[in-house]
Structure formats: structure tokens, C-alpha cells
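Asks: Dropping the structure in here first, questions after.
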Amino acid sequence: MVVFLNGQFVPEAQAVVPVNDRGFLYGDGLFETVRVFNGRPFRLAQHLERLVRGADYLKIKLPFTPKALHQFAEALIGKNEMPDAVLRVTLSRGAGERGYTPKPGGTPTVVMTLHPAPLMDAARPTQWSMITSSHRVSAGDVLSSFKTTSKLLHVMARIEAEARGVDEALILNTNGEVAEAASANLFWVYHDKICTVPAERDVLPGITRAVVLEICQMLGFQTEKRVIKPEALHHGEGVFLSQSALGVIGITGLDGEPFRQSPLLEKIHQTYCAMLAGE
């Protein structure tokens with residue numbers, strides 16, 4: 001396996017970063033996860049736009065332009081001969097002295113790696129079960145809007161889900177409102193309307209989330225962004241997730257209580273798969 005590290009393509013075993021890299025020490029960085037299909041990274045431009053926004057907010061100077069990163073990503077896919085994969089782009093503030101305060105003049109670290117893609121059925125979405133995690137995201141947390149490498153809360157939520165024998169964890173904010181899943185954005189169907197949590201309510205503005213909203217507009221489905229408590233999810237006609245690796249994921253139930261399954265989900269999933277193959 002070949003990886004991209006700071007402008008060079010090197011064997012994975014030789015790709016190392018310093019032990020004082022701030023991404024390792026403090027989670028001081030960002031990342032993007034991108035689905036690669038037929039050799040093309042899907043919606044990479046949007047992922048890189050979000051990476052740039054996050055880097056600007058964290059005051060990390062991205063050492064490559066988005067255009068250059070796009071070219072490096074395509075070269076990496078070719079070198080590894082992995083036309084169907086998951087691409088991860090990681091940016092850290094780079095090596096630095098001990099202490100929370102970053103010193104000026106550091107050189108950020110940029111890494112790109114490829115990973116086997118999970119199987120997807122173009123006809124039917126993947127189905128997952130879910131629990132409500134005991135871990136909470138702070139209401140009003142500005143950093144929740146960025147895909148930072150500080151994901152310990154989401155890691156703990158997934159550990160909790162696995163311990164209870166389910167696939168995913170629903171994360172609430174400290175007001176008890178639905179935020180997102182550990183690895184995905186959340187949607188629900190209510191009176192044939194596709195609903196999701198507003199991005200400003202402790203939710204990462206997911207790229208696949210944006211694609212789903214785009215698909216709903218294409219298909220003529222009404223959408224609404226609203227705040228919801230977890231118990232209200234059972235009043236709707238279905239719940240599903242969106243994420244880059246698997247696209248659209250149907251949720252069979254929450255905390256052992258089953259959800260109804262909306263026929264709208266298959267239409268959204270099939271349209272997503274067609275977009276993935278066509279773009």
C-alpha cells in the first residue's frame with residue numbers, strides 16, 4: 001500500500017510522523033472521509049471545501065491547494081489500483097513543542113490513505129440497528145461543526161453500541177435533543193417529509209447529508225430541518241443515516257424498539273447510487 005505524506009508517495013510502512021505531532025498529542029487537526037467509486041473520489045471538491053473552512057477556523061495553514069490535493073488523491077488511487085475504496089485525508093497542525101498553545105511557524109502534516117470500501121447493494125440500503133448513547137455533545141459546541149480529529153466522544157459511543165450488540169449509536173446534546181449518530185448524520189420521515197437536524201444544532205454539516213437533501217429536491221420530496229427529541233423518532237415513518245462510506249443506511253430500530261420502514265428510503269438510496277456511479 002502506498003500513502004501520501006507531505007507531498008510524497010511512500011510505502012505505508014515508511015510513512016511516519018513525529019511523536020510530537022500535535023495531531024497525535026492533542027487531536028489538533030481535521031480529516032475527511034471520501035468514497036471512491038470507479039476510480040473517482042465522489043464529491044471530493046465539497047470535502048476539501050469543508051477541510052479549508054475547518055483549517056481557517058483552527059488557524060492551520062493548509063500547505064497545498066484544494067486543486068493540488070485533488071490531483072494527489074487521483075494519483076494515489078492510481079498508484080494503489082484501488083478504483084473502489086474509501087479515501088481519508090488528514091491534516092494536523094504538525095510537530096510542535098509541548099503545551100496547548102501552538103507556536104508560530106510550524107509545518108502542518110498532510111496524509112492521504114486508501115482503505116477497502118464496504119459493500120453496497122445498489123437496490124437496497126444497508127440496514128443498521130441503533131442505541132441511544134449515554135455520551136452527550138455539549139449544546140452550542142462550535143467545534144461540532146468541523147470534522148476534527150478529536151473524536152473521543154464518538155469513539156466511546158461506538159464502543160457502547162458494540163457492547164450492546166448493535167451497529168450504531170445515536171448521540172444527543174446536553175439538552176436531550178437529537179444531534180447525530182456516531183459516524184453519520186440522521187434523517188427521519190414524517191408525513192412523507194424528509195427531516196433532519198439543523199446543522200447549527202451541534203451537527204457536522206455532512207457532505208452526504210447535503211447530497212441527500214439535493215436528491216430530495218430532485219425527486220420532489222419535501223424537506224424540513226427541525227429539532228427533535230429521541231422519543232419522537234418513533235412517531236414517524238422511518239429513520240435513516242447518511243455517511244460517506246455507505247451512503248444511505250436504514251435504521252431498523254432504536255433501543256430495541258423497531259422503526260417503520262418508509263418506501264422513500266429505497267428511492268433516495270437508489271438515486272444516491274446512480275449519482276455515485278455517474279459523477
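Asks: Quick check on the exposure proxy: order L170, L213, L119 from fewest to most C-beta atoms within 10 angstrom.
Replies: The order, fewest Cβ neighbours first, is L119, L213, L170.
Asks: Something else: Under a point spin-label approximation (7 Å from Cα along Cα-to-Cβ), what is the R88-R53 distance to one decimal in nm?
Replies: Using points 7 Å along Cα→Cβ, the separation is 2.3 nm.
Asks: Over the chain, what is the relative contact order in percent, taking alpha-carbon pairs closer than 8 angstrom and at least six residues apart?
Replies: Here the relative contact order equals 19 percent.
Asks: If I stretch the segment between D121 and H191 completely, what's the gain in nm (0.36 nm per residue apart, minus their alpha carbon distance), one decimal?
Replies: In short, 22.5 nm is gained.
Asks: Report Rg/Rh for the chain, rounded to two decimals, where Rg is the Cα radius of gyration and Rh the Kirkwood radius.
Replies: Checking Rg against Rh, the ratio lands at 0.97.
Asks: Sticking with this structure for a sec: Which shape class, rounded, prolate or oblate, goes with the stretch 2-116 when its Cα gyration tensor gives a ≥ b ≥ c as root eigenvalues, a/c under 1.5 marks rounded, and past that a/b bigger than b/c marks prolate?
Replies: prolate
Asks: Given the C-alpha centroids of the stretch 72-94 and the stretch 156-184, what is the distance between them in whole angstrom?
Replies: Taking the Cα centre of each part, the stretch 72-94 and the stretch 156-184 sit 28 Å apart.
Asks: Send over the Kirkwood Rh of the stretch 60-122, from the inverse of the averaged 1/r over different Cα pairs, rounded to one decimal Å.
Replies: Mean inverse Cα-Cα distance, inverted, gives 13.9 Å.
Asks: Same structure again: For M1, project a label point 7 Å along Cα to C-beta. Then give me every residue of the stretch 146-169 with its amide nitrogen under 14 Å of that point.
Replies: none
Asks: Please give the length that would be gained between I159 and A277 if that part of the chain were fully extended, namely 0.36 nm times their separation in residues minus their C-alpha to C-alpha distance (nm, one decimal).
Replies: 39.2 nm
Asks: Separate question: With an 8 Å cut-off on Cα pairs and a minimum separation of 6 or more residues, tell me the relative contact order of the stretch 2-116 in percent.
Replies: Values: 195 pairs, mean separation 42.8, N = 115.
The value is 37 percent.
Asks: Dividing the Cα convex hull volume of the stretch 126-278 by residue count, how many Å³ per residue is that? It would help to have the intermediate numbers written out before the result.
Replies: Working: hull volume 15.5 nm³, N = 153.
Here the figure is 101 Å³ per residue.
Asks: Using Cβ contacts closer than 10 Å as the measure, can you line up E231, E180 from fewest to most?
Replies: If I rank by nearby Cβ atoms, fewest first, I get E231, E180.
Asks: On to the next question. Treat each spin label as a single point 7 Å out from the Cα along the C-beta direction, and report the E214 to V10 distance in nm.
Replies: Once both label points are built, they end up 3.5 nm from each other.
Asks: Could you size up the charge dipole of the chain around its Cα centre, putting +1 on the beta carbon of Lys and Arg and -1 on that of Asp and Glu, and report it in debye to the nearest 20?
Replies: Details: 28 positive and 29 negative charges, 152 e Å.
For this selection, approximately 720 debye.
Asks: Let me ask something else about it. Which whole-number percentage describes the relative contact order of the stretch 126-278, with Cα contacts under 8 Å and a sequence gap of 6 or more?
Replies: Here the relative contact order equals 26 percent.
Asks: What number comes out for the charge environment of R40, summing +1 per Lys or Arg and -1 per Asp or Glu over other residues with Cβ under 13 Å away?
Replies: Charge balance in the 13 Å sphere: -1.
Coordinate-derived values only; no laboratory data. As the structure is a computational prediction, the values presented were derived from the model and not from experiment. Methodologically, a virtual Cβ is constructed for each residue, glycine included, from the backbone with ideal geometry; neighbour enumeration extends over all protein chains shown.
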